[in-house]
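As structure tokens, the structure follows; a few thoughts come after it.
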């Protein structure tokens, strides 16, 4: 991603206003203290999300081997599977490690009930790097949990996104906050909420077809290969947004493209460092920022947060007017998709340095982000009554 100071154009304002109808929330209910506590107690984020889940002496290659051989076949309280540590390896686009990490994602979702996978593999022209100029293969992975009975009417999806690629330079860069930790949090969220989502749909099968599904995207090629530009960055996001915009819908559905099946596009990035401060970037989706902040307050009041005595992570009363960030949401935002960008300002001090590794992650912060995001999504999808 790239931070810049913009002159907000009238075009973007019009695009934001055009998204107003589609981004107004359906009736949602925040989880109570009791419901959130029951949810997290039944499925604790740690040790699965601990950067030190494997011993510190374990090499990256052996972690990769564990990942590819089934280290993430789901988790339970007696035998948790590592979610984060298998991603803490260099994973540049087109590399063997990128394939290992994708297999980690796929193995995890294959073990969950009712999820379907879509692979968006493509080849793009890239600038010269490492003495090579030409084409490079990229792969986006999309996982969907779709309401039953919705075959005749396309479902809308709450869409959660993180990029999984890492920078080519400096050599050996891992990108723990950028964005291994967000990817692992999305894996945890899917595993934790799947049984409750399915229980909700089973309880009212007649209404399930009109319910909101859950879509998780692991985006490739967010990082620039040489120097950030409109053409050397956001490879996966640019390709997927263009693809879905071109995939047309019959007009009677009220949505003209697959892109419009996105209920809300929530991008997680640079999460896992200590003491983050995440503002709200778009007034039109500030309602979602406030809901996330409310979930954080509930988690802290219930004693579920491991970070103590610090200001809240989410600053929902701070809507940034003069800061603009180029990131994977941009190709979707410019097409009118409602966006929530969960990214701290300022960026973590380890950003784009070799210190952005597992040793510099805050396990407590990763834990709390998992609780906050998972609890918020549970409320968004109306799961409170199904959490014992």
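Bear in mind that the values in this text are calculations on the coordinates, not laboratory data. Since the structure is predicted, the reported quantities are computational estimates derived from the model, not experimental observations. FYI the Cβ positions are ideal-geometry reconstructions off the backbone, even for glycines, and counts take in every protein chain you see.
Extension gain, residue 113-residue 3: 0.36 nm per intervening residue step, less the Cα-Cα distance, totals 35.7 nm. Rounded to the nearest 0.05, the FRET efficiency derived from the C-beta distance between residue 203 and residue 231 at R0 = 35 Å is 0.10.
The Kirkwood hydrodynamic radius of the range 193-305, based on inverse pair distances between different Cα atoms, is 17.9 Å.
Were the residues from residue 275 through residue 297 laid out at 0.36 nm apart, the gain over their Cα-Cα distance would be 6.4 nm.
If you build the Cα gyration tensor of the range 277-388 and take the root of 5 times each eigenvalue, what three semi-axes come out, in whole angstrom, biggest first?
23, 21, 13
Using the Cβ-Cβ distance between residue 243 and residue 321 with R0 = 35 Å, the FRET efficiency computed as 1/(1 + (r/R0)^6) comes to roughly 0.65. One decimal place: the segment residue 42-residue 310 gains 93.9 nm when fully extended, by the rule 0.36 nm per residue minus the C-alpha distance.
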